[in-house]
1. Taking the Cβ-Cβ separation of residue 458 and residue 496 as r and a Förster radius of 41 Å, what is the calculated FRET efficiency to the nearest 0.05?
2. What distance in nm lies between label points placed 7 Å from Cα along the C-beta direction at residue 712 and residue 52?
3. What's the extension gain from residue 115 to residue 30 if we count 0.36 nm per residue and subtract their Cα-Cα distance?
4. Which FRET efficiency value, to the nearest 0.05, do you get for residue 361 and residue 612 by plugging their Cβ-Cβ distance into 1/(1 + (r/R0)^6) with R0 = 35 Å?
5. Using Rg and Dmax of the Cα atoms in Å as the read-out, say which of [x] 39.4, 134; [y] 31.5, 113; [z] 28.4, 97 was calculated from these coordinates.
6. Do you know the relative contact order of segment 269-344, to the nearest whole percent, from alpha carbon pairs under 8 angstrom that are 6+ apart?
7. Order the peptides 409-422, 598-611, 289-302 from the highest to the lowest mean number of other Cβ atoms within 10 Å of their residues.
8. Using the Kyte-Doolittle scale, which helices in the chain average at least -1.0 and also have C-alpha atoms spread 24 Å or more along the helix axis, with helices defined as whole DSSP H runs?
Amino acid sequence: MRITSFLSFALLAIEPCFTAAQRLGTPSYEFLYTVNASLGERWPVGDYGQGSRVVIPITGGTFNGPRLSGTINNLGADWGLTDSKGVFFPDTRYNLRTHDGVDIFIQTAGPTQPDGRTLLRGIFQTGHPDYEWLNYIVAIGVLQRPTGDHKGKYVLIDMWQVSLLFVNPIVTFGVIYTAMVSQVVMNLSSLLLPSLLQGSHVFSETGVDFATRCADFATSLQLPDTKVWFTEHVSPSTKITFPDNHETCRRPEQVVDVELCRVAMSVATSPISNISLEAWLPSNWTGRFLSTGNGGMSGCIQYEDIAYGVGLGFATVGANNGLNGTSALPMFHHPEVVEDYAYRSVHTGVVVGKQVTKQFYGQDHTKSYYLGCSTGGRQGFKEAQDFPDDFDGIVAGAPAFAFGGLMSRSASFWAIDGPPGSPSYLSLDDWDMVHKDVLTQCDRLDGVEDGVIEDPNLCQYRPESLICTEGQTEKCLTAHQAEAVRRIFSPLFGSDGNFIYPRLQPGGTHGFHYVVNDNPFPYSTEWLRYVIYENADWDPSTTNTKDYEAMIEKNPYNVQTWEGDLSGIRDRGAKILHYHGLQDGMISSEISQIYYDYVSRTMGLSSTEMDNFYRLFRISGCGHCAWGDGASHIGSKLINISGLDPESNVLLAVVRWVEEGIPPETIMGYRYVDGDREKGVDYKRRHCRYPYRNVWGRMGDAKDPDSWSCQL
């Protein structure tokens, strides 16, 4: 029996209540979210007349959708019943907590099907006005259980809202009708499933205007394991808002300058995990495809990077790493989320994004590119190492590779510096004093006193110069504090003397407060708690070399990203433009030099041979990914774009390298007066490719880029 026919029949009992103008439209289904729930040990409670019942605690998890996202509280359970025929009927009651802190009670129940999936109806209860609409909807779900090692540990549930609209709706009748549908959904759920999982072929008829094509794409796009949440036609100069974005992502809106079709999707990466993926497809498409990356532990789509790409005519995608917000908590007891974070999110987004692009435009992309920094830089190199066919050109900045070492280095700062009140503790004012002293000792090594250390490799900083003289108590360091500074400006080694991570380069303490403040660095703390030890009570004050070694040894899903063989990139003619700010206080710029040299040794290639496919640019006066005291505007992000000349824009430089065979010899950086673009250009400076370094000729104006040259 067809769903619509059955529903029409079911309404005959209240037929007198409706006029012809109030009859039902065709039912439709709006995707709500995907639940990734962890389960506790099963607890049999006995046999009853209808069967045997078991209690299964619901211990946590996440839910993710276009209007709802957050975590699952450890407050509920499934009181499931297995009937005399062996059919399992779950009966769950648990609590959702949204990303903005609202608690929502949900109850689900339904029969398990022969294929192992369970069909559910859901009932919500909440008193919060922003989510009160949930109290009045009809929700249905499909529950799947993993097999193998994860059997009995997790479940994945897709929840949908049934939308049944009157032509001339009356709220009272709508509520009555909703109540009636909730009674029949259980019997109809097996009929609903095909319409939830099936779609139609893409609409690509020529002559259809762009806005119509975008609207139709929501229903015409059909890809495996992919659910389209919505499509949105966006006009030029529109401010797009993201009301459902996790508050820690701090991206409430984004202005775009071009016409585009925004496609929001959920893509399953395993039976119990998924990513949120957005594709922004411009009407002025150049034929190029671009994937963007993430930052930190982030499950935040970097909309500013997508806007940057789409504004340049790239079909651009970005994903959320399989989690929401900036915390690693969703990885806790969820190895599938860790796998998404380590590599799978970006690669899945690339595969699906290219298919979306082809279906929308009706043709393949011409060239494929990547742009990312920090975690995004690591993701770019992970692609180069494991999936070299994904991209023709990669721009990877300040990569968080040698990931276990980086987390160790970040954790060590708290162990070295200590909490407020400890003998070695330095306040933010103390670190500012140290930075000024670094400049006093090393700024003039390049011949120019401009607040920028052009090559930190030449700087061997002595913090002992700041030790207090007898009777001095201000603007100086104690011996314990000076020792802490020296340790931070020194490489990190393990208990057996093995190298773990390089020093913080001199000059990197500018902006260092993101890593060193009055609390342990959250990324390393959460990585140890939720991923390495899977112990939420682990105390960061106990950090020592054993923790560093545990992070490197465990290396889940090879998140270390430290493979030295890039022959896959070289052999297919792809290109890597790698950059790193020499004022970076988050990730030591020395790790990029170490990796470059490691690739050289692994592949047995000279720098001249490496230049054919891989070039590293060290950006003096540039902080973490952008900003800083020097000529740091190089077009790596929308916020630090200086122009569209490939000589001064790293993204367009790699495009020219790939498509015209012209490699970047230098990258021209811009410095604005007081760091303010509105005040105009202060000076420009060319940044050299490694192993060359920038040397001032000690003649002419140091603000003239031609007074500098690249030398070995």
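Read-outs throughout are calculated quantities, based only on the coordinates presented, and are distinct from any laboratory measurement. Small disclaimer: the values here were computed from a predicted structure and weren't measured. Virtual Cβ from ideal backbone geometry, glycine too; neighbours counted across all protein chains shown.
1. Working from the Cβ atoms, E equals 0.85.
2. 7.7
3. Gain on stretching residue 115 to residue 30: 28.2 nm.
4. Once rounded, the FRET efficiency stands at 0.65.
5. [z]
6. Answer for segment 269-344 is 37 percent.
7. 289-302, 409-422, 598-611
8. Numbers: long enough: 171-197 (31 Å, 1.55).
TM-like helix candidates: 171-197.
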